[in-house]
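A.B. asks: Let me give you the structure first, and then I'll get to my questions.
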Amino acid sequence: TMDYYQLLFAIGAVVLAIYYYQTSIFNYWKNRGIPGPKPGPFLGNFWGIITRKYAAATAVKNWYKEFKHEPVFGIYEGTKPVLVINDLELVKDVLIRDFSSFMDRGFKVYEK
């Protein structure tokens, strides 16, 4: 029975370590003082989208409404932090004035 308890303890420790690692990733925006919706473990803010509870467009629309008075907010695409720009002047800066600094960021497009 001692081996059983050791195995159970080891499995529990591994599960807790994985959970801690996954949730500690989600402090990225919080540590930088950037607001955003609370992410869930493993899938970040995309749990409802992955499970088809709601469409991606609906999620983005709701986040924009929730943070409409913030110039930027942060979400998590899985465990990857994503900055969403909410302020028109910042959008202009990123897309026009400072474009060369931002041109290779965002969604990957495969030309095939």
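No value in this document is a laboratory result; all are computed from the given coordinates. Source: prediction; values computed, not measured. All Cβ positions, glycine included, derive from the backbone under ideal geometry; neighbour counts span all protein chains shown.
A.B. asks: What does the charge count around Trp47 come to, taking other residues whose C-beta lies under 12 Å from its C-beta (Lys +1, Arg +1, Asp -1, Glu -1)?
C.D. replies: +2
A.B. asks: What's the exposure ranking of Asp87, Asp3, going from fewest to most Cβ atoms within 10 Å?
C.D. replies: The order, fewest Cβ neighbours first, is Asp3, Asp87.
A.B. asks: Still on this model: Working out 0.36 nm times the residue gap between Lys92 and Phe42, then minus their Cα-Cα distance, what length gain in nm do you get to one decimal?
C.D. replies: My answer for the length gained is 14.7 nm.
A.B. asks: Relative to the compact-globule scaling 2.2 N^0.38 Å, provide the ratio for the alpha-carbon radius of gyration of the chain.
C.D. replies: Against the compact-globule rule of thumb, the ratio is 1.43.
A.B. asks: For the residues Tyr4, Tyr64, what sequence is obtained by ranking on other C-beta atoms within 10 Å, fewest first?
C.D. replies: Starting with the residue having the fewest Cβ neighbours, the order is Tyr4, Tyr64.
A.B. asks: Ok, one more. Could you work out the relative contact order of the range 1-101? I mean the mean sequence separation of Cα pairs under 8 Å and 6+ apart, divided by the number of residues, in percent.
C.D. replies: It comes to 24 percent, rounded to a whole number.
A.B. asks: Which of Leu16, Leu90 comes first, and how do the rest follow, when ranked by fewest Cβ neighbours within 10 Å?
C.D. replies: Result, fewest neighbours first: Leu16, Leu90.
A.B. asks: For n ≥ 4 DSSP H runs only, could you compute -39500 (n - 2.57) per run for the chain, divide by its residues and tell me the 222 nm figure to the nearest 500?
C.D. replies: -12500 deg cm²/dmol
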